[in-house]
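Here the structure comes first, spelled out in structure tokens, and everything after it is commentary.
What follows is calculated from the coordinates using simple rules that are stated; it is not laboratory data. Predicted model only: the values in this text are computed from it and were never measured. Cβ placement follows ideal geometry from the backbone for every residue including glycine, while neighbour counts extend to all protein chains displayed.
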Amino acid sequence: MMSHYIDNFADDLGPEKVVHIYEPKSKLRAIVVIDNISLGPAIGGCRMAKDVTTQEVFRLARAMTLKNALASLPHGGAKSAILADSGTDEKEALIREFAQAIKTLTDYTPGPDMGTDEECMAYIHDEIGRAVGLPKVLGGIPLDALGMTGYGLSVAAKVAANDLSLALENSRTIIQGFGNVGKAAAKYLSDIGVKLIATCDSKGGLHNPEGIDIPQLIKAKESGTPVSQSRLGKPVSNEELLKIESDIFIPAARPDVFTEANHELLKTSLVLEGANIPITHPAAKLMHQRGIMVVPDVIANSGGVICAATEYQGLSESDAFKRVEATIERNTDELVKRVFKEGLPPHEIAHKMARERIAKAMSYRAHM
Ligand code: NAD
């Protein structure tokens, strides 16, 4: 059903359904956007945060439509948000109530996202028998513990660097956000020779041109020490971090970090989008004009959803690693080569690649 505000962002792909949930008794408030299901039932994260808007959920759902299509998964794209503080004492009750509220939305299978984890997915699975990113005992493949998204980023780095003739050995790398994605990316990238010169968390950053000791930093973080207080480099502010010159920059924290207003701060050769939508499209276009190669989120950070889809099919951890590697290798290579050949910004090429696959799938549908 269309309403006036949906017209602001609806297009030929979707959204197929926008559902607002409000349970007066428990005060559960949630938004579900199922964007496009041409390729199959949709998979997409369920985030828990107070301040998520319908438009944001739609943008994230659209990113999942494109990401799943690019990863050749038999799944469409969706996303949901429970509008509550993820630290609430009522978390389990809200999650269970949310699960009941989406019971009849059988085209949507939720996975973990910001503010939710495998335990939350276990509650949803218990209620309605539908969730991915489950605990190992329920057949899950622990994608954050394995660092699947970070692993995929290292695969994208290897392929893009090769296509760009950028030497990876000792290449100066910055990771904004030392969380699940950032930590794993640092670990897998160091295995292929890159040097982490700066990183941060929400409390501040750390700079060490000689290279940060990654195992020590992970240890410090796990014992509750903020990145900037780890004594493994010089503390810098999160704003200063964006200005440090590098060869590879990985935003792995939050959306809209670089916009038209601040894109010039970035001095690097290769960007791998670890977070979702960390660079606005106008800013990405300007970066392209400055000769920076950006491997977009829909390709670079697809390791997590490829792993979730592998779990959905009942396959193993090693199948997931193989799929992540093969898919991200193929897509990154096609992307970089087409950027050079067609001269368009990487986001446009990635969207063309995804849309070509979705259009083909939609052409087989009798009812649109
Ligand atoms: P996380 O919460 O584990 O880590 C986020 C990190 O960013 C933390 O270190 C946090 O302190 C830091 N951070 C938050 N706000 C910041 C700010 N304003 N400035 C600097 N640092 C800040 O989350 P995650 O699972 O690593 O996910 C990071 C991003 O990647 C999110 O946008 C998420 O949607 C996206 N993503 C995650 C996965 C996955 O597999 N976990 C897959 C695809 C995309």
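The table below lists the values:
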quantity	calculated
For the chain, average projected area of the Cα convex hull in nm²	18.0 nm²
Residue order, fewest to most beta carbons within 10 Å, for Arg172, Arg231, Arg254	Arg231, Arg254, Arg172
Packing-based ranking, highest mean first, of 129-138, 292-301 given that Cβ atoms within 10 Å are counted	292-301, 129-138
Fully extended contour minus Cα-Cα distance, from Ala359 to Glu239, at 0.36 nm per residue	39.1 nm
Volume in Å³ per residue [convex hull over Cα atoms, computed for segment 148-355]	111 Å³
Stretch gain in nm, segment Leu138-Thr53, where the contour uses 0.36 nm per residue and the Cα spacing is subtracted	27.4 nm
Ordering of 55-62, 255-262 by packing [mean C-beta count within 10 Å, highest first]	55-62, 255-262
Whether segment 1-150 is rounded, prolate or oblate, judged on the alpha carbon gyration tensor where a/c under 1.5 counts as rounded	oblate
Most to least packed among 173-179, 145-151 [average Cβ atoms within 10 Å]	173-179, 145-151
Rounded to 5, percent antiparallel among DSSP beta bridges of segment 148-355	30 percent
Built amide H within the under 5 Å cut-off of Arg47, gap 5+	Ser80, Ala81, Ile82
Pair Gln229, Phe9: separation of 7 Å Cα→Cβ label points (nm)	3.7 nm
Under the span-like rule (Cα at least 30 Å along the axis, Kyte-Doolittle mean at least -1.0), DSSP H helices of the chain	317-342
